[in-house]
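Written below as structure tokens is the structure these notes are about.
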Amino acid sequence: MSKKLLAAAIAAALVPTAVLAEASNVTMYGRIDYGFMSRGGDNGGNAQAGQTGRQNGFEDGILGTNRLGFRGSEALGNGLKAIFEFEFGFSGDTGTSFGGTTNRHSWIGLEGAFGTVLGGRVDGARYSFVGQYDPFKNQTVANAGSLFGVTSGLGQADRADNAIVYISPEVAPGLKFLAAYTTNLLGEDGSNPLAGAGIGGNGTDVDAGDTPLYALAAMYNNGPISFTLDYENLQVKRSVANGGSDLEFDLWVVGASYDFGVAKLSAYYENVEGDNTASKAISESDGWLIGLTVPVTSNFLLKTSYVKANDDARNNADCKKWGFGGEYSFSKRTVAYATVAKLSADSAATCAISKNASGASGTATANGNSGAGYGDTGFNIGLAHTF
């Protein structure tokens, strides 16, 4: 059964027939990923909670988070289209499934000669740009984003709630602009993607719906060349980390890559800094990566990266990581992968090995919490299929 027919069948089971009478052109997509991950270290460092043994386990979502999504469009005439997409994450190794907390993103918008406007829950700009230039796409034990999240003191906001986004049409070959705004990055329900910084959410005294962030970006993708420049400003109203006063942070991101054919070279740099004394005490950092992707054959490629993340708000808290991996494609949709990573960190650093960028906050516990960082060496192997 084709994806469109299957999507229509599922939709028919979920919504009334009257709604389907004018249904959009809907496509279902997704991925499932399962493998093995091992992490450890001998130093019993800050991110290991004093442990020295290895944590081994079968894991899902290593090369990419498991997901099921629906996207669609409807022609409205005069070149105007309505578009939508909603995507749910799920666990492939436990009973956790399509709960309310697993909504990865969901948005609706319009597309036309003016560009694209959409609103809802969207992917974070900084998080997406790190993933664009990281050869490991912010996934596997070699991901770059987890280090930037720890040393910046702000974590990785992989999604933004209640956002509106504008993407321009091409103003020159390959050149587009993006503008995004959300009134409450921390979420209406008090959820807090910045919990690692201790700045509100989860019942603390932060004004609900008053944690605004805006982003402005220029994106150039033309032939073998890619370049991105992004600026973001985040405010946290009445933060408990600042005695009930406001915090404000500026984020700058620059990324570039060039595909030589025989290899693709990529680089990324970010700078995060607080706007006042209290904000600087939480976040004053910069970091960079350089990566290389080499297609050895038509279905086998090698990847490597080096990441350096500097935490200037805290003494002796910088982190470095090497990553090396390979992917073998059985087909366009099925790939086997293996990755190794080695991390070194200053004595006060809390960076560690995790399977993705957004799951790096917190400390791994004795029960083997795969969502947190642990150890200074790690490897993973697995199989992923997209549809």
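The values are calculated or read from the model by the stated rules, or taken from the named source; none is laboratory data. Everything quoted here is computed from the prediction, not taken from an experiment. We place every Cβ from the backbone using ideal geometry, glycine too, and count neighbours over all the protein chains shown. The protein model used for the area step is the full one, side chains on, heavy atoms only, and it has no ligands, DNA or RNA in it. Shrake-Rupley method; radii C 1.70, N 1.55, O 1.52, S 1.80 Å.
Sorting 252, 288, 322, 107 by solvent-accessible area of protein heavy atoms yields 322, 252, 288, 107, largest first, with a 1.4 Å probe.
On full extension of the chain, what length is gained from residue 332 through residue 254, given 0.36 nm per residue of separation minus the C-alpha to C-alpha distance?
Stretched fully, the residue 332-residue 254 segment lengthens by 25.0 nm.
Could you pull out every residue, at least 5 positions away or on a different chain, whose amide H is within less than 5 Å of the one on residue 313? Hs are placed 1.01 Å off N in the peptide plane, and Pro or chain starts have none. Amide H neighbours of residue 313, under 5 Å, 5+ apart: 284.
If you wrap the tightest convex hull around every Cα atom of region 215-287 and split its volume per residue, you get 70 Å³. Using a ≥ b ≥ c from the Cα gyration tensor of region 246-299 (square roots of the eigenvalues), is it rounded, prolate or oblate, where a/c under 1.5 gives rounded and otherwise the larger of a/b and b/c decides, a/b for prolate? Judged from the Cα gyration tensor, region 246-299 comes out prolate (a/c at least 1.5, a/b above b/c). Annotation: amide H-H contacts under 5 Å for residue 138 (H modelled 1.01 Å from N, sequence separation of 5 or more, or interchain): 144, 145. In this view, the solvent-accessible surface of residue 297, computed with a 1.4 Å probe and all protein chains in place, comes to about 70 Å².
Candidate cross-link partners of residue 81 among the lysines, defined by an alpha-carbon separation under 25 Å and a same-chain spacing of 8 or more, comprise 3, 4, 176. Put a dot 7 Å past the Cα of residue 216, heading toward its Cβ, do the same for residue 25, and the two dots end up 3.6 nm apart.
In region 241-363, inverting the average of 1/r over every pair of distinct C-alpha atoms gives 16.8 Å as the Kirkwood radius.
Only lysines eight or more places from residue 342 in sequence, or on another chain, were considered; those with a Cα closer than 20 Å are 137, 303, 308, 320, 321, 355.
Whenever you get a sec, line up 327, 87 from highest to lowest accessible area (probe 1.4 Å, protein heavy atoms).
From most accessible down to least: 327, 87.
Could you tally the net charge around residue 214, taking each other residue with its Cβ under 13 Å from the Cβ of residue 214, Lys/Arg +1 and Asp/Glu -1? Spelling it out: positives minus negatives among the neighbours equals -3.
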